[in-house]
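Nothing in this text is a laboratory measurement; each read-out follows from the coordinates by a stated rule. All of these numbers come straight from a predicted model, not from anything done at the bench. Because the Cβ atoms are built from the backbone with ideal geometry, glycine has one as well, and the counts that use them run over all protein chains shown.
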Amino acid sequence: MADRTTTLPARPAWLPQPAFPFQSRFVEIEAKRVHYVDEGAGPALLLVSAGQWSFMFRDVILRLRHQFRCLTLDFPGSGVSPYAEDHDQSVRANAWILDGFIEGLDLQDITMVVHDAGGPIGFLIATMRPERFRALVISNTFGWPLREYPSVRRMLKVIGNPLISALNINTNALARLTATSYGVGRHLTKADRRAFLGPWRSRAARHATQQVLAELLRIDPLMSELELELQTKLADLPVLTLFGCKNDRLGWQRRFGLMFRNVTAVGIADGHHFPFNDDPGRYTEAIGDWWAKKVAEAHRQF
């Protein structure tokens, strides 16, 4: 449950205004201070990922805040949200944070964008609170057990290996790789890249990211349930699958297309795992066009 919302003008020294031109806001959820961005006006567009932080949605927010009320949050221990010793970074724990955020800000008619580890988190809350959701945008994430994809499980096991984990916590290798053109960094300046890497100056933040990824290996039973609930409770929602084509070798976008009745599929041809950073113009154009034609127009017909 969210207790209160406050606006704090101060920001970390590593996060200059030109790199992150948004007002930092904070809400207290389950005795944890959670940083979030709330920009623009219009229908709620809630951007959800985990293990990263709100900076990666910067260019999406800048382009869409004239059309939507754009919101995104940093889960405890990520971004500008302080690390919390009692927060285990599991999908369920982060889902309760997301639920408290939605309830605390009383968000309604939400169009939710989910990416990576944000997919299971967002799907869990959307299936629990379907009355609050109007549409979904799904980007490079999954909605089913990973036991069917041994190559993905092997990759997560490597990341979660104690030696690799220790190496990352000591050298910040994972965040540094994410900041390159293979991750979010294709269009970042040097100043932007320094700002993006700012949270991971803390070893606690590095540990939190490791935990988020390691937890994905333990959620197959939950994902079995969610796969069924997505196809029942949310089957009729307008859905946009918006994937970086170069990061969809396993055909996950097509699989999502078989799960819902009202699906629009758009591929970012030169996009990798972070298509909204690879081509933010194409990404946001796809959301704006789809929403106007498939979500707003459908709503007017009723």
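Between Asn94, Asn247, Asn170, the Gaussian network model of the chain with springs among Cα atoms under 10 angstrom shows the greatest mean-square fluctuation at Asn170.
Note that segment 191-248 shows a convex hull volume over its alpha carbon atoms of 160 Å³ per residue.
Sequence-distant contacts, meaning Cα pairs under 8 Å at least 6 residues apart, place the relative contact order of segment 41-108 at 32 percent. With a cut-off of 16 Å, note down the residues of segment 107-146 whose backbone N falls inside the zone around a label point 7 Å from the Cα of Ala235 toward its beta carbon. Taking a point 7 Å out along Cα→Cβ of Ala235, the residues of segment 107-146 whose backbone N falls under 16 Å are 127.
In plain terms, the chain from Lys293 to Gln23 could stretch by 94.1 nm, reckoned as 0.36 nm per residue minus the Cα-Cα distance. Could you tell me which of rounded, prolate or oblate describes the chain, using a ≥ b ≥ c as the square roots of the eigenvalues of the alpha-carbon gyration tensor, with rounded for a/c under 1.5 and, failing that, prolate when a/b is larger than b/c and oblate otherwise? Rounded is the answer for the chain, as its axis ratio a/c remains below 1.5.
Using C-alpha pairs under 8 Å with a sequence gap of at least 6, the mean separation divided by the residue count of the chain gives a relative contact order of 18 percent.
For Val152 and Leu250, calculate 0.36 nm times their separation in residues minus their Cα-Cα distance, and state this gained length in nm to one decimal.
Details: separation 98, 0.36 × 98 = 35.28 nm, distance 0.96 nm.
Result for the pair: 34.3 nm of gain on full extension.
Taking a straight line from the alpha carbon of Lys157, these lysines sit under 30 Å away, with near neighbours fewer than eight places off in the same chain left out: Lys32, Lys246.
For segment 43-51, the Karplus equation 6.51 cos²θ - 1.76 cosθ + 1.60, evaluated at θ = phi - 60°, returns couplings of x, 6, 10, 9, 9, 10, 9, 8, x Hz by residue, with Gly and Pro reported as x. Classified by the C-alpha gyration tensor, segment 49-108 has an oblate form. Its axis ratio a/c, with a ≥ b ≥ c, is 1.5 or above, and a/b does not exceed b/c. In a simple Cβ point-charge model (Lys, Arg +1; Asp, Glu -1; nothing else charged), segment 138-238 has a dipole of about 820 debye relative to its Cα centre. Size estimate for segment 117-235 follows the Kirkwood approach: the inverse of mean 1/r over distinct Cα pairs works out to 16.2 Å. For Lys294, the lysines whose Cα falls under 23 Å of its own Cα, not counting residues fewer than eight places away in the same chain, are Lys233.
Here the residues Leu234, Leu62, Leu46, ranked from fewest to most Cβ neighbours within 10 Å of their Cβ, fall in the order Leu62, Leu234, Leu46.
Lys and Arg at +1, Asp and Glu at -1: add these up for the other residues within a Cβ distance under 15 Å of Leu45 and post the number.
Details: positive: Arg58, Arg63, Arg65, Arg69, Arg132, Arg134, Lys294; negative: Asp38, Glu39, Asp59, Asp109, Glu285, Asp289.
Local net charge: +1.
Each label point was placed 7 Å from the Cα along the Cα-to-Cβ direction; for Ala13 and Glu103 their separation is 4.0 nm. In terms of its C-alpha gyration tensor, segment 11-60 has a rounded overall shape, because the principal axis ratio a/c (a ≥ b ≥ c, square roots of the eigenvalues) stays below 1.5.
Only the Cβ atoms of Lys and Arg (+1) and of Asp and Glu (-1) were treated as charged; on that basis the dipole of segment 164-302 about its Cα centre amounts to roughly 540 debye.
Cut-off is 10 Å between beta-carbons; in what order do Thr209, Thr171, Thr264 appear when sorted fewest neighbours first?
In order of increasing Cβ crowding within 10 Å: Thr171, Thr264, Thr209.
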